[in-house]
Amino acid sequence: MDVKTLIIHPEKCNNCGDCEIACIKTRTSLTSPGLSCIRILKDNEDEEFFFPIACKQCENPPCMATCPKEAIYRDAELDRVLIDRQKCVGCGMCVSACPFGAMKLDKQKAKSYKCDLCEGSPECVKVCEPMAIEYLDIEMLTRPNMVRGAGKLARLAKP
């Protein structure tokens, strides 16, 4: 089975927000546009750098390890990490555990949520004209891409 994941190219992101809008349009379970499963981090000092953040579908997800209700599981078909919203109690442990800030909590519904890769056809990828988000085989995630993105992300995280 070919394992695919979202690959982010922050240097190509133009902050158009189309990915966030596409995500919300596919998620009838979410309650507001602020609850997109993908979000764009912005660097206030560098108005030309934007970093789309989405679930990395970790091999050993910390969110899954911390869930007290075992509501987070790995889907064997697409090898993605999913949330059983029936089991989720909205405690937020998974949100705290995610090192990427990709896990979120809908406080109104008291349920966690995250990117589920749109059943293997991510809407954010379809609308991203600058191709800052791609859905490719995991082997396509190259080390130089990771290093470049991590450096910019570290700069964004500074207080």
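The values are calculated or read from the model by the stated rules, or taken from the named source; none is laboratory data. Being a predicted model, the structure only gives us computed values, none of them experimental. All Cβ positions, even for glycine, are placed from backbone atoms using ideal geometry, and neighbour counts span all protein chains on display.
Quick check on my filter: what residues within segment 55-81 are buried (at least 18 other Cβ atoms within 10 Å of the Cβ) and part of a strand (DSSP E or B)?
Those that are buried (at least 18 other Cβ atoms within 10 Å of the Cβ) and part of a strand (DSSP E or B): 72, 80, 81.
Spot the failing condition for residue 7; the list is (1) within 26 Å of residue 134 (Cβ to Cβ); (2) outside any helix (DSSP H, G or I); (3) free of Cβ contacts under 8 Å to residues at least 40 places away in the same chain; (4) not charged (D, E, K, R), and only one is missed.
That leaves (3) as the condition not met.
Could you say whether any residue in segment 84-91 is in contact with a Pro (Cβ under 8 Å, 6 or more places away or on another chain), more than 16 Å from residue 109 (Cβ to Cβ) and not hydroxyl-bearing (Ser, Thr, Tyr)?
The answer is no, given that none of the residues of segment 84-91 is in contact with a Pro (Cβ under 8 Å, 6 or more places away or on another chain), more than 16 Å from residue 109 (Cβ to Cβ) and not hydroxyl-bearing (Ser, Thr, Tyr).
I'm told residue 11 meets every condition in (1) in contact with a strand residue (DSSP E or B) (Cβ under 9 Å, 6 or more places away or on another chain); (2) assigned by TED's automatic domain parsing to the domain that holds residue 129; (3) surrounded by 15 or more Cβ atoms within 10 Å (Cβ to Cβ) except one. Can you identify the failing condition by its number?
Tallying (1) in contact with a strand residue (DSSP E or B) (Cβ under 9 Å, 6 or more places away or on another chain); (2) assigned by TED's automatic domain parsing to the domain that holds residue 129; (3) surrounded by 15 or more Cβ atoms within 10 Å (Cβ to Cβ), residue 11 fails exactly one: (1).
Yes or no, residue by residue, for (1) at pLDDT below 95; (2) of a type in the set (Gly, Ala, Ser); (3) in contact with an Asp or Glu (Cβ under 8 Å, 6 or more places away or on another chain); (4) surrounded by 13 or more Cβ atoms within 10 Å (Cβ to Cβ):
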{"residue": "85", "(1), (2), (3), (4)": "yes, no, no, yes"}
{"residue": "98", "(1), (2), (3), (4)": "no, no, no, yes"}
{"residue": "108", "(1), (2), (3), (4)": "yes, no, no, no"}
{"residue": "135", "(1), (2), (3), (4)": "yes, no, no, yes"}
